[in-house]
Amino acid sequence: MNTVVLEAPGRLAHRDRSHPGAPGPGEARVRVLRVGVCGTDLHAYRGRQAFIRYPVILGHELAVEVVAVGPEATTPADIVPVRVGDRCAIVPYLSDGTCQACRAGRTNCCTHLALYGVHRDGGMCDEMVVPIRQLVPANDLPVDVLAISEMLAVGAHATARARLAVDTRVLVLGAGPIGLSTLAFACREGVATYAIDLD
C-alpha cells in the first residue's frame, strides 16, 4: 500500500506498507479519495507541532469510500450506518467514550483525545480502517468538498455558537482556510464581516 510518511521535520518519504486488513466490529475499511492539507500538517512538517511523534502518516481532512464493513455489532443509535460504496467525510477526532468529559457528552474534551495525522496515522495512504462512528456518508457531495468538510464545519460551528444578531459586526482574526470558512458562514447570516491577518 502506498503511504506518505513524515519521518522527521522536513522529511517526507514514500513508503510501501501492508494493507490494513479486515475491519473489526464497529469498523470500516475505507479507500482514501482525497486528502486536504491543513495548517496542522504544515506545522508538523516544519517541526512546530508539539503533539506529533515522528514518524507519522499525516492527513485528517479526508474524503473516503467504504470498501468493507466489519461484522455486525450492537450499533448505538447515534451511529449512521454505512454501506460498501458510500463516499464519506471523516470526523478526525477520536474520543475514548468512557472518561468524564465523554460521559457528559463533551467528546471534544476527552482526556484521551486523538487526531488522525497527529496522534494516530492519518490518511496519506491508500486505505485505512476507521470506526464507523467517525464516518459521515455524503454521496451527493463531490469528493473535493468532502475533503474540506471538516474545515468548513469548524467555521459553521463557530458561527452557530456566536448566535449572531442582525446588527452584529464580526471580526475574524486570521484569514486562513478556517477564518475564511467562518467569514463565509457569518456572511450567510447577513452580518457585517471583517478579517485581520498578519500575512
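The values are calculated or read from the model by the stated rules, or taken from the named source; none is laboratory data. The structure displayed is predicted, hence computed values, not measured ones. Cβ coordinates were reconstructed from backbone atoms using ideal geometry, including for glycine residues, and neighbour counts include every protein chain displayed. With ligands, DNA and RNA removed, areas are computed over all heavy atoms of the protein, side chains included. Shrake-Rupley method; radii C 1.70, N 1.55, O 1.52, S 1.80 Å.
Below is a table of values for the structure above.
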| item | result |
| --- | --- |
| Output for the stretch 22-81, where each listed residue is in contact (Cβ under 8 Å) with a residue 40 or more places away in the chain, touching a Cys at 6+ places or on another chain (Cβ under 8 Å) and not in a loop (DSSP other than H, G, I, E, B) | VAL30, VAL32, ILE57, GLU61, ALA63, VAL64, VAL66 |
| Selection within the stretch 119-162 - open to solvent by less than 10 Å² (accessible area, probe 1.4 Å) and within 27 Å of LEU183 (Cα to Cα) | LEU135, LEU146, ALA147, GLY155 |
| Residue, modelled with the lowest pLDDT, within the stretch 13-41, restricted to residues that are hydrophobic (A, V, I, L, M, F, W, C) and surrounded by 13 or more Cβ atoms within 10 Å (Cβ to Cβ) | CYS38 |
| Residue in the stretch 102-110 that is assigned to a loop (DSSP other than H, G, I, E, B) and open to solvent by 70 Å² or more (accessible area, probe 1.4 Å) present | yes |
| Cβ-Cβ under 8 Å pairs, at least 6 apart or on other chains, the stretch 162-174 side more than 12 Å from THR193 (Cα to Cα), far side loosely packed, with under 11 Cβ neighbours inside 10 Å | GLY174/ILE196 |
| Subset of the stretch 153-180 (residues that are in a loop (DSSP other than H, G, I, E, B) and within 29 Å of LEU62 (Cα to Cα)) | ARG163, GLY174, ALA175, GLY176 |
| Pair list, Cβ under 6 Å, 6 or more apart: the stretch 95-108 residue more than 14 Å from PRO131 (Cβ to Cβ) and at pLDDT 90 or above, other residue outside any loop (DSSP other than H, G, I, E, B) and open to solvent by 60 Å² or more (accessible area, probe 1.4 Å) | ALA101/CYS109 |
